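Q: Here it is, the structure, as structure tokens.
The values are calculated or read from the model by the stated rules, or taken from the named source; none is laboratory data. Computed from a predicted model, the values in this text were never measured in an experiment. When we count neighbours, we look across all protein chains shown, and the Cβ atoms used for this are built from the backbone with ideal geometry, even at glycine.
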Amino acid sequence: MKRLFVSSLRPRASSCNRGVSLSRRHDSHIDFSASHPAATESKAALPFELQPADFKHIRRAFFTVKGWYTETFSPAVMANSPEIFRFAQPAATKAEEAVFGADAVFLKILVAPSLPSSKKPRRESADFLRSKGVDGVIEFPEVLSAVIDGVEKKRNYQRSDVLQLIRGLKTHRMLREPQLELFRAPKPRRTARKP
């Protein structure tokens, strides 16, 4: 499987064994950190709206994943949800400096369910995110597509139930390759048999 981005992950635990919550820390809004020592230099500046192919150019980052799958991150939603941006605040970045080093450059990336589809609200959402200290955003469907594309049918993922499930779905043709043809010839209709 091709690695999307991470060569090392540092997940953030919000609870410990037996379901007892840990005390809330200033960096608890960061879901994970990633370091990619073999990152290549990008010839152009990275876009704010990231695609999976952009991650090969990111050396260090920390992420927050907002799994509000039915929400679109419009400016109105973000204005009423300040918790979205806590991972990009100075208190949270200090914790990452302790991991990456005070001189290290790292990006603060939001994994969002979706941004508005219209150009003006989408641009306003991106501007709002930038103003709150977010360095990049990737939409959740892009992440899911990259994970699904990276799973190979002939490989055993015994350590990951999720990857094993995706492998099974691909093997039994329940997940298919993206459709590249815009138009397909219609299938011939079956005619009813005459008695």
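Q: For the range 94-142, how many residues are assigned to a helix (DSSP H, G or I), within 19 Å of ILE30 (Cβ to Cβ) and of a type in the set (Asp, Glu)?
A: 2
Q: Test of understanding: among ALA38, ALA91, ALA98, ALA104, which residue is surrounded by fewer than 17 Cβ atoms within 10 Å (Cβ to Cβ) and at pLDDT 90 or above?
A: ALA38
Q: Which numbered condition trips up LEU50, out of (1) closer than 16 Å to ALA146 by Cβ; (2) exposed (fewer than 11 other Cβ atoms within 10 Å of the Cβ)?
A: The one condition LEU50 does not meet is (2).
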